[in-house]
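I have placed the structure first, in the form of structure tokens, so that the comments after it can refer back to it.
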Amino acid sequence: MSLAEKKQETMARHPFIAQFIDHSNSRDADGLPQWWSESRTDALQRLVTLDVPGPKDEEWKFLNLKSLYNATYLSEGAAATEADEAFVKERSIPEAKAATLVFSNGRFKPAASNVDGLGEGVRVTSWSELREAGDLDAVRDHVGIADFWEDDLFYNLNGANFEDGAVILVPRETVVEVPIHLLYVSDGSGERFAAHPRNVIVAGENAEVTVIEEYATSVDGEYFHNVVDEISLGANAEVRHVKVQRDSKEAQHVARNIITLESNSNYEATAVNLGAAFSRNDSYARFDGSSIECTLDGLVYIGGTQVSDTHTAIDHALPDSTSYQLQKVIVDDRAHSIFNGKIFVREDAQRIDSNQLNQNLLLSRRARVNTKPQLEIFADDVVCSHGATVGQLQDDQLFYLMTRGMDEERARSLLTYAFAAEVLEDIEVDSLRTRLEGLLMEQTTRN
Amino acid sequence: MSSNIENFLDQPYEAGFTSDVEMDSFEPGIDEETIRKISAIKDEPQFLLDFRLKAFEHWKTMEEPDWANVSYDKPNFDDIIYYSAPKEKPKKDSLDEVDPAILETYEKLGIPLQEQKMLQNVAVDAVFDSVSVATTFKKQLAEAGVIFCSVNEAVEEYPEIVEKYLGSVVPYTDNFYAALNSAVFSDGSFVYVPKGVTSPMELSTYFRINTQDTGQFERTLIVCEEGSYVSYLEGCTAPQFDTNQLHAAVVELVALEDAEIKYSTVQNWYAGDEDGKGGIYNFVTKRGVCEGDNSKISWTQVETGSAVTWKYPSCILKGDNSVGEFYSVALTNHHQQADTGTKMVHIGENTKSTIISKGISAGVSQNSYRGLVKMMPGAEGARNYSECDSMLIGDRCGAHTFPYIDVRNPSAQVEHEASTSRIGEDQMFYFLQRGIDEEDAISMIISGFCKDVFHELPMEFAVEARKLLGIKLEGSVG
């Protein structure tokens, strides 16, 4: 069957996929380096063979994605807007003043961004800027770094469509002192659009960098963010990565994070998911060396009819490494949270220390939690454990606070706040942590 | 010693193996006619034939499941003989005719002489004749009003109970193997405990005459009326050979108000040889429903045999304050694969469940725990505690945990924890330098690891099971 025929067939079966094939085909291929157009073609070829995942697929259990699949989207290029200046200012992070990249509806906005004096050889830029400068080869070796999601629909939708996103290259022996802020602002007032950012973060040997990746909405509305992050850590490198997802509560947010780690590197991630009608966050960390430390923490706080799904896979392919994971979830109203944390310890990957904890707090009678912590272990000299709890606030804790004169409402909000705040404690950017804590306090008191 | 055991374990299907087709066997293969014939031979009432046919119709539309963490050659359902009349095993005159290696295993397990004879089908003296033992038991049970017989007998004698409960817990639509079982099940056990009766003894499949040969498609139904209690033992620690490769049993338990059922299993079927050749496929659907308030169902299993195990004894906790328990030891060695666990579905208020699972993998085996804890919106104040521990022996085996937790009630509390560990060289050294040999050392470490589960087993079972694990792991460490 020719590609055109296959496309016809896919079109008939899955208009959702077909529209993104169309988007891809209408993208400007002028001056695209060969490696990029090849990877685009690869993704397109896989797309025509794929089905939309649904509740029957183990990785997509419990999800009803009809509202995502049944919608039509404009390509982000057709939904271009300028970023709301006041809004950008409000969301800016003082520590990152000299290292902020602003994207509006998925497109880089140089005028709203500011990158200054980050040190020699450090590049904090975007795909569109690199393309304009004819310098795309700088990023070439850092895309397509793992084939974990080769058959994943959303990864390939991004592969066929991405045109923009952040590129952060920190050369070896370089420490970036200030945090880098990626601010994705969306304006949902126009027609429904889909954006496919591709963020690349590379820390060379002994390099150190902090990245804050934030999704925010200046005007609520329906749109679809389909993000892929590719993060590579060289030997002894250190990357702290905070993701804050506050997309519109009518929007859809899907993200795939790929992390590859070399010996002695240290990756610390905190993912805070508050927004979107439906959000799905997958992370895959591959250990390519030994003595690596990897932390994947997360906080999900949702209400209304929000659905949030987090899947993580920590892949200990080689011996002598450590991983930690703390995933805290609060669900209110009719919200539904799903968590699946996989820890693989491959054959001969001895002396692995891996610890995972998932705690869920249900605030409402109609909220729902699904969790599946999953261990797959093929080596014997390891210390691996996981725990999961689901429940409501403990009566004795409430009682204790109330004996101290606090009313029940106040006691509840304080305990809820404390439950969630543990995840935020490790965020080292003060203004961001304070802001998130404030947000949390506001949300817990509102209940 | 251990080579003896190995030799013994390597023996392919010695017991009762015959190659010539029995007079009363069907041709291999399955169609509606096969099912009608099975039903006709057993002279079954219409409702049962209808049940079988509906199950068969449904089975045809289903596909063999492949979600479990096991890989094996799918059985060819046209090669299976779906009915053969119960065979008379050749009688032996004394234990001297039995392979000394087998006797040695019995010795180690501490199986009493009389039981050894029974297992090996040796003619026993009049007093201990299994028939008379069973008769005595039957009398006692009858006095208490407990019905314990084969399903076939029950269909004849108590059709209304069978009709009411058969398929009520595991409907024929439940899954591929349950559907197949519903269509072609041969026989099995039936237990009925009337209102307020505590069964005067533990019921064991040992003592059900003529049915010591576990059928390929066995079906067990246990009904406990209001306020009654029964403890049921299935299987035995002695190694069992069987000519059937595929076993697809269904077990249904019904506990009404205030009733309690305790179901214990020790499974030690042929696991295939060291290279993973042969062995039984054990695809079992076991489920109990706590229908009434304050009822309780407790599953305890020690799984050591079979090449591939696919088994999830479950509890549906419908009645308020009902309790479900699952205690499991699953041991895999060589090329064995086990995917086992439980489902606890909390429907009623203040329902409680406990899951304790101990997985031990050795050799190149794969051992998976797969469990579901579901809190339905009405499960006010429900509680679950799960603990899944894995032990790895050697660095070529795998241990996997797939716990699914689904909570829809904020007042329900669910706690799950899992860990992995191993038998360390230092631990072994410690034992050896105190003059305790390897075999005993492993046995002790494993006993400690599995303590919480063994506590739940009836006494004799517990003692044997402890030894059994030691034997199964011989030569795996060090």
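The values are calculated or read from the model by the stated rules, or taken from the named source; none is laboratory data. Fair warning: this is a prediction, and the values are worked out from it, not measured in the lab. Every residue, glycine as well, gets a Cβ built from its backbone with ideal geometry; the counts of neighbours run over all protein chains shown.
Taking the condition modelled with pLDDT under 95, more than 7 Å from chain B (Cβ to nearest Cβ) and in contact with a helix residue (DSSP H, G or I) (Cβ under 6 Å, 6 or more places away or on another chain), does A:Leu361 pass? So A:Leu361 does not fit the description; no.
Candidates are the residues of the range B:260-282 that are among the polar types (S, T, N, Q) and out of contact with any Gly (no Cβ under 7 Å at 6 or more places or on another chain); the one that is farthest from B:Glu226 (Cα to Cα) is B:Asn282. Among the residues of the range B:138-173, the ones that are of a type in the set (Val, Ile, Thr) and assigned to a strand (DSSP E or B) come to 1 in all. Can you confirm whether B:Glu464 is more than 12 Å from chain A (Cβ to nearest Cβ), in contact with an Asp or Glu (Cβ under 9 Å, 6 or more places away or on another chain), assigned to a helix (DSSP H, G or I) and closer than 22 Å to B:His334 by Cβ? No; evaluated as a whole, the condition is false for this residue. Within the range A:129-168, the residues that satisfy the criterion of being part of a loop (DSSP other than H, G, I, E, B) and among the aromatic types (Phe, Trp, Tyr) are A:Phe148, A:Trp149, A:Phe162.
Residues in the range B:198-212 that are modelled with pLDDT under 50 and surrounded by fewer than 16 Cβ atoms within 10 Å (Cβ to Cβ): 2 in all.
Among the residues making up the range A:101-128, those that are of a type in the set (Ser, Thr, Tyr) and closer than 22 Å to A:Tyr223 by Cβ are A:Ser104, A:Ser113, A:Ser126, A:Ser128.
In the range B:333-351 there is no residue that is in contact with a Phe, Trp or Tyr (Cβ under 6 Å, 6 or more places away or on another chain), more than 9 Å from chain A (Cβ to nearest Cβ), surrounded by fewer than 24 Cβ atoms within 10 Å (Cβ to Cβ) and hydroxyl-bearing (Ser, Thr, Tyr).
The numbered conditions (1) out of contact with any strand residue (DSSP E or B) (no Cβ under 8 Å at 6 or more places or on another chain); (2) more than 17 Å from A:Ile201 (Cβ to Cβ); (3) not β-branched (Val, Ile, Thr) are all true for A:Glu82 except (1). Can you say whether B:Gln427 is more than 14 Å from chain A (Cβ to nearest Cβ), farther than 30 Å from B:Met375 by Cβ and among the polar types (S, T, N, Q), as far as the supplied structure shows? For B:Gln427, the condition - more than 14 Å from chain A (Cβ to nearest Cβ), farther than 30 Å from B:Met375 by Cβ and among the polar types (S, T, N, Q) - is not met.
The set of residues in the range A:275-295 being of a type in the set (A, V, I, L, M, F, W, C), in contact with an Asp or Glu (Cβ under 7 Å, 6 or more places away or on another chain) and not in a strand (DSSP E or B) consists of A:Ala276, A:Ala277. All conditions in (1) among the aliphatic types (A, V, I, L, M); (2) within 14 Å of chain A (Cβ to nearest Cβ); (3) surrounded by fewer than 12 Cβ atoms within 10 Å (Cβ to Cβ) hold for B:Ile445, with the sole exception of (3). Of all the criteria given as (1) within 12 Å of chain B (Cβ to nearest Cβ); (2) surrounded by fewer than 22 Cβ atoms within 10 Å (Cβ to Cβ), the one not satisfied by A:Leu318 is (1). Going by what's in this entry, would B:Ser421 be described as farther than 30 Å from A:Ala335 by Cα and among the hydroxyl-bearing types (Ser, Thr, Tyr)? Criteria met by B:Ser421. Annotation note: Cβ proximity below 6 Å between a residue of the range A:52-63 that is more than 10 Å from chain B (Cβ to nearest Cβ) and a residue that is part of a loop (DSSP other than H, G, I, E, B) and aromatic (Phe, Trp, Tyr) (sequence gap 6+ or interchain) occurs for no pair.
Just to be sure, is A:Ala80 within 30 Å of A:Gly117 (Cβ to Cβ), touching a Ser or Thr at 6+ places or on another chain (Cβ under 8 Å) and among the hydrophobic types (A, V, I, L, M, F, W, C)? When the stated conditions are applied, A:Ala80 passes them.
The set of residues in the range B:170-198 being under 17 Å from the mean Cα position of the chain (by Cα) and more than 20 Å from B:Glu143 (Cα to Cα) consists of B:Val170, B:Tyr177, B:Ala178, B:Asn181, B:Phe185, B:Ser186, B:Asp187, B:Gly188. Do we find a residue being farther than 18 Å from A:Ala379 by Cβ, more than 9 Å from chain A (Cβ to nearest Cβ) and of a type in the set (A, V, I, L, M, F, W, C) anywhere in the range B:387-403? The answer is no, given that none of the residues of the range B:387-403 is farther than 18 Å from A:Ala379 by Cβ, more than 9 Å from chain A (Cβ to nearest Cβ) and of a type in the set (A, V, I, L, M, F, W, C).
Only one entry in A:Val390, A:Val382, A:Val369 is at the interface with another protein chain (Cβ under 8 Å from one of its Cβ atoms), hydrophobic (A, V, I, L, M, F, W, C) and under 23 Å from the mean Cα position of the chain (by Cα), namely A:Val369. The single condition among (1) closer than 18 Å to A:Phe193 by Cα; (2) surrounded by fewer than 19 Cβ atoms within 10 Å (Cβ to Cβ); (3) polar (S, T, N, Q) that A:Thr41 does not meet is (1).
Checked against the criterion of being more than 14 Å from every other protein chain (Cβ to nearest Cβ) and in a helix (DSSP H, G or I), the candidates A:Leu436, A:Leu415 yield just one match: A:Leu436. Of everything listed in (1) at pLDDT 70 or above; (2) surrounded by 12 or more Cβ atoms within 10 Å (Cβ to Cβ), the single unmet condition for B:Lys89 is (1). Among the residues of the range B:422-454, those identified as in a loop (DSSP other than H, G, I, E, B) and modelled with pLDDT under 90 are B:Ile423, B:Gly424, B:Asp437.
Could you check, for the range A:116-133, whether at least one of its residues is surrounded by 19 or more Cβ atoms within 10 Å (Cβ to Cβ) and within 30 Å of A:Glu59 (Cβ to Cβ)? So far as the range A:116-133 goes, yes, one or more of its residues are surrounded by 19 or more Cβ atoms within 10 Å (Cβ to Cβ) and within 30 Å of A:Glu59 (Cβ to Cβ). Here the condition is being outside any strand (DSSP E or B) and either touching a residue at least 40 places away in the same chain (Cβ under 8 Å) or crowded, with 23+ Cβ neighbours inside 10 Å (or both); of A:Gly304, A:Gly298, it holds for A:Gly304 alone. With respect to the conditions (1) outside any strand (DSSP E or B); (2) touching an Asp or Glu at 6+ places or on another chain (Cβ under 9 Å); (3) at pLDDT below 95; (4) among the hydrophobic types (A, V, I, L, M, F, W, C), B:Ala418 falls short on a single one, namely (1).
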